[in-house]
Amino acid sequence: MSGTEPALVDDAMVAAAVAVIALALLAFHRVIRGPTLPDRVVAVNGIGTATVVVLTFLAVGLDESGLLDIALVYALLNFLLSIGLAKYAIERGGFL
């Protein structure tokens, strides 16, 4: 090994994080435009999942293990948000 592989992997992880952020911004368009409540809920959940993925990529790429702890907590909060949004939608009259 020439020693350049770890730097290449780190750069690839950071680049992947940037790509996932760009895709999450596209999903944000669906949160704003809708057209239905289920579309918005799925988009919000997708953005939360993308956030967890970005934190994980950055943890590996920047060699910061603390970001993995943050990603785990955020994943649990994202799950609770999904449950809360579903409960709100059902109380409001269902998803349709």
Name the residue from Leu62, Leu23, Ser82 whose Cα lies farthest towards the positive end of the charge dipole of the chain, charges +1 on Cβ of Lys and Arg and -1 on Cβ of Asp and Glu.
Ser82
Structure-based [θ]222 nm, the chain - -39500 (n - 2.57) summed over DSSP H runs of at least 4, per residue, nearest 500
-29500 deg cm²/dmol
Give the angle, between 0 and 90 degrees and rounded to the nearest 10, that separates the Cα long axis of helix 66-91 from the longest principal axis of the Cα atoms of the chain.
10 degrees
Förster radius 41 Å - calculated FRET efficiency between Leu37 and Val73 (Cβ-Cβ, nearest 0.05)
0.95
Relative to the chain, whose Cα atoms define the longest principal axis, helix 5-33 and its Cα axis are tilted in degrees, nearest 10, by 20 degrees
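What FRET efficiency would be calculated for the residue pair Ala12, Ile90, taking the C-beta separation as r and a Förster radius of 41 Å, to the nearest 0.05? Please report the intermediate quantities before stating the final value.
Details: r = 42 Å, r/R0 = 1.03.
So, using R0 = 41 Å, E works out to roughly 0.45.
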Helix 37-61: angle to the longest alpha-carbon principal axis of the chain, degrees 0 to 90, nearest 10?
20 degrees
With Cα springs under 10 Å, the Gaussian network model of the chain assigns the largest mean-square fluctuation among Gly48, Gly34, Gly61 to Gly34
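Any read-out appearing in this document is the output of simple, stated calculations on the displayed coordinates, not a laboratory observation. Here the structure is a predicted model, which is why all the values come from computation and not from measurement. For neighbour counting, all protein chains shown are included, and Cβ atoms are generated from backbone atoms with ideal geometry for every residue, glycine included.
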